[in-house]
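Take a look at the structure set out below.
The values are calculated or read from the model by the stated rules, or taken from the named source; none is laboratory data. Here the structure is a predicted model, which means the values were calculated and not measured. Neighbour counts run over all protein chains shown; Cβ positions are idealised from the backbone, glycine included.
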Amino acid sequence: MKKKALSFDEKRERLLNIFHERKEVFNLKELEKLGGKAGIVPQTVKEVLESLISDNLVESDKIGSGNFYWSLPSKAYQNLSTKLKEYEDEIEKLIQTKENLELEITEQMLGREETNERKENLQKLKSLKEEYEKKLAAVEKYRRNDPERLKQLHNEAKAAKDKANQWTDNIFITKQWLMSRNPALSEDDLNTHFGIPADLDNL
């Protein structure tokens, strides 16, 4: 059976592990050799190395005519923690904005005609959901580097997701209540009348 090729993130992780396990300073040729032993195609080591440098996980310096590279586990952890904190802050802001929009939509649903403002709010809600998913995926990217921290973040994200789903459930309950009071109304009628997307669903 053909051996499965490593993903770019897996290559990054293995190359970073070489620095942290050996705790030495390397040149590119040495890294290509060690990377090859770790399953990274030598020709791709430079690209992987540059991505680690751009994320401040690996440091470099030119000494004489040669370039040398190293990485301190403590600094790499600090950089990852900083990125995680940035993502946490962004997710928290997105969740708060999303909840505020959903609350406003729920309050305006009963007894109101469809308005451009409602359409805009629903579009914002859709955009926030998409951005929320992207941020959550970005945080997951760092899962292997700090398992305990990301486990906590995963739990917080799940709690936020449950809250978002609760607001979606409130919309469904409100529609059911309206249909029970007005048998002539259909769900399609309500969706059209209040500008509710037909594919509105839980996260």
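Return yes when G39 is more than 30 Å from E156 (Cα to Cα), assigned to a helix (DSSP H, G or I) and outside the structural domain of L125 (by TED's automatic domain parsing) and no when it is not. Against the criterion (more than 30 Å from E156 (Cα to Cα), assigned to a helix (DSSP H, G or I) and outside the structural domain of L125 (by TED's automatic domain parsing)), G39 does not qualify.
Of the listed requirements (1) touching a residue at least 12 places away in the same chain (Cβ under 8 Å); (2) in a strand (DSSP E or B); (3) exposed (fewer than 15 other Cβ atoms within 10 Å of the Cβ), F68 misses just one: (3).
Quick check, is E99 in contact (Cβ under 8 Å) with a residue 60 or more places away in the chain and farther than 27 Å from L15 by Cα? It is true that E99 is in contact (Cβ under 8 Å) with a residue 60 or more places away in the chain and farther than 27 Å from L15 by Cα.
Residue-level check: of (1) within 21 Å of K75 (Cα to Cα); (2) surrounded by fewer than 12 Cβ atoms within 10 Å (Cβ to Cβ); (3) modelled with pLDDT of 90 or more, K23 misses just (3). Residues that are modelled with pLDDT under 75, part of a helix (DSSP H, G or I) and within 22 Å of E90 (Cα to Cα) within the stretch 164-203 comprise A164, N165, W167, T168, listed in sequence order.
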